[in-house]
Amino acid sequence: MADGEFQLIDRYFSALGHLRPDTLLSVGDDATLLEVPANHELICVTASSALALDGSATGVASNLGQRLLAELPEGFQIRWLLLALTLERVADSYLSVFTEELDTWLKSHRIQLVGGDTTRGPSTAEMQALATRPLPGGPA
């Protein structure tokens, strides 16, 4: 998004989800720094959806989240989430509902939003979940 990208991030995304001590650098930068536990493996899964900014945002964030959970192999737990939004325009009422629902979903699963990207174009949302599980045969 043009000059309003950081204002958009501050307004809607800077405090979403469960704050985790293993997040060393988070929302507000174009990068994240995460501490993966020793003896764990990491997986990344992605879900995306077209957005209808003139329609209802109800169910969009939780549906994407549930799709991420469904894609995880057994034993993995999502710790962090990256969110990439492409928006035709900033639709405050849509984003308010979307982010409130996303925050509820993230907190219920103890996941922290740690970054992503915003840009202008045909409206879509893409979530990437970063999940870990103990290495097979190793200590938890």
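The values are calculated or read from the model by the stated rules, or taken from the named source; none is laboratory data. Computed from a predicted structure; not experimentally measured. Note that we place each Cβ from the backbone using ideal geometry, even for glycine, and neighbour counts take in every protein chain shown. Heads up: the accessible areas ignore ligands, DNA and RNA and are worked out on the full protein's heavy atoms, side chains in. Shrake-Rupley method; radii C 1.70, N 1.55, O 1.52, S 1.80 Å.
Laid out as a table, the results:
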| item | result |
| --- | --- |
| 5 angstrom amide H check on Leu42, placed H, neighbours 5+ away | none |
| Antiparallel DSSP beta bridges within the chain, percent to nearest 5 | 70 |
| Per residue, the convex hull volume that the Cα atoms of the stretch 10-56 enclose (Å³) | 137 |
| DSSP-loop trypsin sites (Lys or Arg not before Pro) across the stretch 48-140, with at most 10 other Cβ within 10 angstrom | Arg89 |
| Prolate/oblate/rounded label for the stretch 21-95 (Cα gyration tensor, a/c 1.5) | oblate |
| Nearest-0.05 FRET efficiency for Glu126 and Leu33, computed from C-beta distance (R0 22 Å) | 0.60 |
| CD proxy at 222 nm, helix term only [per DSSP H run n ≥ 4: -39500 (n - 2.57); per residue of the chain; nearest 500] | -8500 deg cm²/dmol |
| GNM result for the chain, Cα springs below 10 Å: residue of Ala125, Ala91, Ala52 fluctuating most strongly | Ala91 |
| Surface accessible to a 1.4 Å probe, per residue, for the residues of the stretch 52-119, Å² | 47 |
